[in-house]
1. Show me 119-127, 82-90 ranked by packing, highest mean number of other Cβ atoms within 10 Å first.
2. Using a cut-off of under 20 Å, list every residue of the stretch 40-66 whose amide N is near the label point 7 Å from the Cα of residue 101 along the Cα-to-beta-carbon line.
3. Calculate how steeply helix 107-131 sits against the longest principal axis of the alpha-carbon atoms of the chain, using the helix alpha-carbon long axis, and give the answer as 0 to 90 degrees to the nearest 10.
4. Within the stretch 123-161, which residues have the backbone N less than 20 Å from the label spot 7 Å out from residue 15 along Cα→beta-carbon, could you tell me?
5. Given the convex hull over the Cα atoms of the chain, what projected area results after averaging over all orientations, in nm²?
6. Using a basic spin-label model with each label point 7 Å from the Cα along Cα→Cβ, how many nm lie between residue 123 and residue 41?
7. Comparing 22, 60, 105, which has the greatest mean-square fluctuation in the GNM of the chain with Cα pairs linked when under 10 Å apart?
8. Please work out the Cα center distance from the stretch 11-53 to the stretch 98-124, rounded to the nearest Å.
């Protein structure tokens, strides 16, 4: 696809639709790169997202994962129960508050998450190289602008971990 420049009228409907479409198709292609591997293991994208964020923040509280994924407790419960049963995630009580559930990847879970991340990293790195540093920074700014104000601190904490 030939690189294009946003129109000076970038707030027009057709320009916004182009951005939405590029975001949709780009994300779909990125996630499809790991779908086959997940399917072979009987896992889906919700499992991957949980593994990803637990890998980013070992000893992540279940409540924090719930906020990051923005899914229902019931949906998260199903995903976590399966990941724990498969020996990919371990859950333990918090040190200060025994009611807290802290999540951590097992060695097998870390291995699986690393393989999936490698596939995603290859796709993202290739796109970053093609776009160049300035475009990557602009892309990050646009994506950050899509994050609701109340969630920005949570997302920034991932960057700092």
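Since every read-out is calculated from the coordinates, none of them should be taken as a lab result. Just so it is clear, the model here is predicted, and its values are computed rather than measured. All Cβ positions, even for glycine, are placed from backbone atoms using ideal geometry, and neighbour counts span all protein chains on display.
1. On the way: 119-127: 13.1, 82-90: 17.3.
Ranking the peptides 119-127, 82-90 by packing returns 82-90, 119-127.
2. 43-66
3. 10 degrees
4. Under 20 Å, as judged by backbone N against the label point of residue 15, lie 134-147 of the stretch 123-161.
5. Computing the convex hull of the Cα atoms and averaging its projections yields 11.4 nm².
6. 1.6 nm
7. Looking only at 22, 60, 105, the largest GNM fluctuation is found for 22.
8. Comparing the Cα centres of the stretch 11-53 and the stretch 98-124, I get a distance of 17 Å.
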